[in-house]
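Values quoted throughout were computed directly from the atomic coordinates according to the rules given, and no laboratory measurement underlies them. Since this is a predicted model, take the numbers as computed values, not measurements. Note: ideal-geometry Cβ built from the backbone for every residue, glycine included; neighbour counts use all protein chains shown.
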Amino acid sequence: MMIVDLVKRLITFVKIKSNHLSCVLGASYIGLDVKIVNRGQIVFGENVIIRPSTGLYTNPGIMLSIGSNTEIGNHSTIAAHHKVIIENGVLTGPHVFIADYNHEYRDVDKPVWEQGEFAQENSHIIIGEGSWLGTNVVVVGKVRIGKHCVIGANSVVTKDIPDYSVAAGIPAKVIKRYDFEKEEWVRVK
């Protein structure tokens, strides 16, 4: 078991140094086959786990911040065109896609791949502290997911989700909110 831990720490150390990441050494884990295209700034808090086969992408001058005690599931993609902030204690399932932009498509005389990317002005994504994004969740555009939210598996989030909410669907809609007076999760009508 010690050899496995040593190999994990060595892989993480090499990835951190070779990609100029800002994080606390020894406290985080970056899995095998994690692709990092760091043209901007990627910042990790303490005890960040990036599971294998995940991609992290930033543009020049752009920040991607992943807070302490956060875990990103296998085969996920996080891409920042302006800014993506994942606060402390966030958990994501596998195959999660987070991007603050989309592909341009409005010129019908050109294929989509030739049109580049489109992002709203000051577009950014913030995922609040203590939230959980289930398997295959997509978060795209200018979106804020509040703190302690649950986003159901296979949901597509294109609009803000308030604090203490459960959201699901395509597009994701709030289906439950935490009622502090009743001290329970209450279905939204």
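Side notes on the structure shown:
- Taking label positions 7 Å along the Cα-Cβ direction at both K35 and R187, the computed distance is 4.3 nm, reported to one decimal.
- Expressed to the nearest 5 percent, the antiparallel share of DSSP beta bridges inside the chain is 20 percent.
- Placed amide H near T54: partners under 5 Å, 5+ positions off or other chain: V34, K35, H75, S76
- The residue among V84, V4, A168 whose Cα reaches farthest toward the positive pole of the charge dipole of segment 2-187, with charges on the beta-carbon of Lys, Arg, Asp and Glu, is V4.
- For GluC sites (Glu not before Pro), the sites in segment 102-141 that DSSP calls loop and that have at most 13 other Cβ atoms within 10 Å are E121.
- Inter-part distance where segment 119-157 and segment 42-112 are each reduced to a Cα centre, Å: 11 Å
- Calculated FRET value between L91 and Q115, using beta carbons and R₀ = 30 Å, to 0.05: 0.30
- In this structure, I170 and N19 have a Cβ-Cβ separation that, at R0 = 30 Å, corresponds to a calculated FRET efficiency of about 0.35.
- Between D160 and D107, full extension at 0.36 nm per residue minus the direct alpha carbon distance yields a gain of 16.3 nm.
- Value of relative contact order over the chain, rounded to a whole percent, pairs C-alpha under 8 Å and six or more apart: 11 percent
- The spread of Cα positions in the chain, taken along each principal axis and listed from longest to shortest, comes to 54, 53, 24 Å.
- Summing Cβ point charges (Lys, Arg +1; Asp, Glu -1) relative to the Cα centre of the chain gives a dipole of roughly 180 debye.
- Look at the dipole of segment 2-187 built from charges on Cβ: of V157, V138, N122, the Cα furthest out on the positive end belongs to V138.
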